[in-house]
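The values are calculated or read from the model by the stated rules, or taken from the named source; none is laboratory data. This is a predicted model, so every value here is computed, not measured. Cβ atoms come from the backbone with ideal geometry, glycine included; neighbour counts cover every protein chain shown. Ligands, DNA and RNA are stripped out before the accessible areas are found, and what is left, the full protein with its side chains, is counted by its heavy atoms. Shrake-Rupley method; radii C 1.70, N 1.55, O 1.52, S 1.80 Å.
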Amino acid sequence: NGYKAAVSLTFDDGDPIHLDIAVTEMQKRKIRGTFFLMAGTFTRPNEWKKAAKSGMEIGNHSMTHKHAYELNADNIKDEVDKAGEILRELSGQSVLTFAYPFIEITDELRKQVEKNCFIARGGGSGELYYTPDMEPDWYDIHSQMTKTQTGLETYQWWVDTAISLGAWTIFMIHAIEGSNWYEPMPKKVFTEFLDYIEKNKEKIWIAPFGEIGAYWKAQKVLEAAKPVKREGAYVLKWKKPGSFPAGIILKIKVNGEVNKITQAGVKIEPVAPGIYPVSFDAG
């Protein structure tokens, strides 16, 4: 999307400290992230609504954060489907992203997630830096977890590595200092890290997990489309997947001289030399 690299900050569990510190500090710097809420246990709903309206993404982290082995045919739909419905009502967003509780994935849970979402965040084993040429498992996108004892330099290195590789990396953040929830990140480390990525905003696309994931998945679909020559022009057609966000605008690069590019009969003007904005929804 015109950047050297991409970073997504994701927060798990709906810890109230996310509202007190994370959302507030991110809003100061105009940084947006993803908050995966447990639909059956979150508190302070009006504040989460405000966070969603400000541009934060609300993602599905199940109803009650059960272990995957505890799920069966009777409760798996509630843990995924019902949770998504509650969070859609709360946020006013299409809740199409999921984070697996305890980073546990079974075939049954994954199938249920696939019915409702277009992408899901997994854990920290395997690929941690996704480059545009990769073919990812969209239902197990790996992430890097922050911990209480990890220093600022490590997180800066994660970002620097993404920039050097031209890659997307995802942070999994739980608690922040002042909370007794899992692995609280020191507040000073958190705010200084936000300052660091803010200073690199010209290089890094800092956006919610679902926003970057949707752009990349749409890019993959468009790249797979085969051009067909018709009446002196080349035509590209593609189909938008189901359970997919609306409004994705891709930036495509066209090499060589171009007479005219149109979509739905309307001429597309370049946003930079050789770069054209294309509506993914329009096919």
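Taking N as the number of residues in the range 213-254, what value does Rg over Cα atoms divided by 2.2 N^0.38 Å take? Don't skip to the end; give the middle numbers.
Details: Rg = 11.7 Å, N = 42, 2.2 N^0.38 = 9.1 Å.
So the Cα radius of gyration is 1.29 times the expected 2.2 N^0.38 Å.
Compare the peptides 89-99, 232-242, 179-189 by average per-residue count of other Cβ atoms within 10 angstrom and give them in order, highest first. Intermediate values should be presented prior to the final figure.
Values: 89-99: 20.5, 232-242: 11.0, 179-189: 16.1.
Averaged packing, sorted descending, gives the order 89-99, 179-189, 232-242.
Give the residue from 248, 80, 168 lying farthest towards the positive end of the charge dipole for the chain; charges sit on Cβ (+1 for Lys and Arg, -1 for Asp and Glu) and the dipole is referred to the Cα centre.
Sorting the options by dipole projection puts first 248.
Among all the lysines, which ones have a C-alpha under 24 Å from residue 53's C-alpha, if same-chain residues fewer than 8 places away are not counted?
Straight-distance partners of residue 53: 28, 30, 82, 201.
Lys pairs in the range 219-283, Cα-Cα under 17 Å, at least 8 apart or on separate chains: how many?
Counting lysine pairs in the range 219-283 gives 19.
Taking springs between alpha-carbon atoms closer than 10 angstrom, which of 40, 213, 14 fluctuates most in the Gaussian network model of the chain?
Most flexible of the set in this elastic network: 40.
Taking the alpha-carbon centroid of each part, what is the distance from the range 40-91 to the range 252-283 in angstrom?
If you average the Cα positions of each part, the centres end up 38 Å apart.
With charges only on Cβ, +1 for K and R and -1 for D and E, what is the dipole size of the chain about its Cα centre, in debye, rounded to 20? If you can, show how the numbers build up before the last one.
Details: 35 positive and 37 negative charges, 273 e Å.
Value, rounded to 20: 1320 debye.
Can you list the aspartates and glutamates whose alpha carbon is less than 20 Å from that of residue 187, not counting same-chain residues fewer than 8 positions off?
Counting by Cα, and skipping residues close in sequence, residue 187 has these aspartates and glutamates nearby: 12, 13, 15, 20, 25, 153, 177, 195, 198.
Can you tell me which aspartates and glutamates have their Cα less than 15 Å from the Cα of residue 115? Leave out same-chain residues fewer than eight positions away.
Reachable aspartates and glutamates: 78, 79, 81, 85, 107, 140.
In percent, what relative contact order does the range 1-74 have, based on Cα pairs under 8 Å that are 6 or more apart in sequence?
That works out to 33 percent.
At 25 °C and a viscosity of 0.890 mPa s, what translational diffusion coefficient does Stokes-Einstein give for the chain, taking Rh as the Kirkwood radius over Cα pairs? Give it in µm²/s as a whole number.
Values: Rh = 19.9 Å.
So the translational diffusion coefficient is about 123 µm²/s.
Would you work out the relative contact order for the range 218-283, in percent, from Cα pairs under 8 angstrom that are 6 or more residues apart? Kindly include the intermediate steps, with their values, before the conclusion.
Working: 76 pairs, mean separation 21.1, N = 66.
The value is 32 percent.
Would you mind working out the magnitude of the charge dipole of the range 12-134 relative to its Cα centre, with +1 at each Lys and Arg C-beta and -1 at each Asp and Glu C-beta, to the nearest 20 Debye? Before the final figure, lay out the partial values.
Numbers: 16 positive and 20 negative charges, 139 e Å.
Here the range 12-134 has a charge dipole of around 660 debye.
State the extension gain, in nm to one decimal, for the chain segment bounded by residue 233 and residue 4, taking 0.36 nm per residue of separation less the distance between their alpha-carbons. Before the final figure, lay out each step's value.
Values: separation 229, 0.36 × 229 = 82.44 nm, distance 3.20 nm.
So the chain would gain 79.2 nm between residue 233 and residue 4.
Grab the DSSP H runs of the chain that are 4 residues or longer, score each as -39,500 (n - 2.57), total them, divide by all residues and round the 222 nm result to the nearest 500 deg cm²/dmol. Intermediate results must be reported in sequence, preceding the final value.
Details: 7 runs with 77 residues, N = 283.
Helix contribution divided over all residues of the chain: -8000 deg cm²/dmol.
Just the projected area, averaged over all directions, of the convex hull on the alpha carbon atoms of the range 68-214: how many nm²? Please list the in-between numbers first.
Numbers: hull surface 40.2 nm².
Its Cα hull, projected and averaged over all orientations, spans 10.1 nm².
Give the percent of DSSP beta bridges with both residues in the chain that are antiparallel, rounded to the nearest 5.
Numbers: 12 of 36 bridges.
Roughly 35 percent of the beta bridges in the chain run antiparallel, per DSSP.
Carbon and sulfur atoms: what percent of the 1.4 Å accessible area of the chain do they account for? Write down the numbers at each step before the final one.
Values: 7040 of 14090 Å².
Solvent-exposed carbon and sulfur of the chain make up 50 percent of the total.
On average, how much accessible surface per residue is there in the range 1-151, in Å², for a 1.4 Å probe, leaving out ligands, DNA and RNA? Working shown, then result.
Values: 6670 Å² over 151 residues.
I get 44 Å² per residue for the range 1-151.
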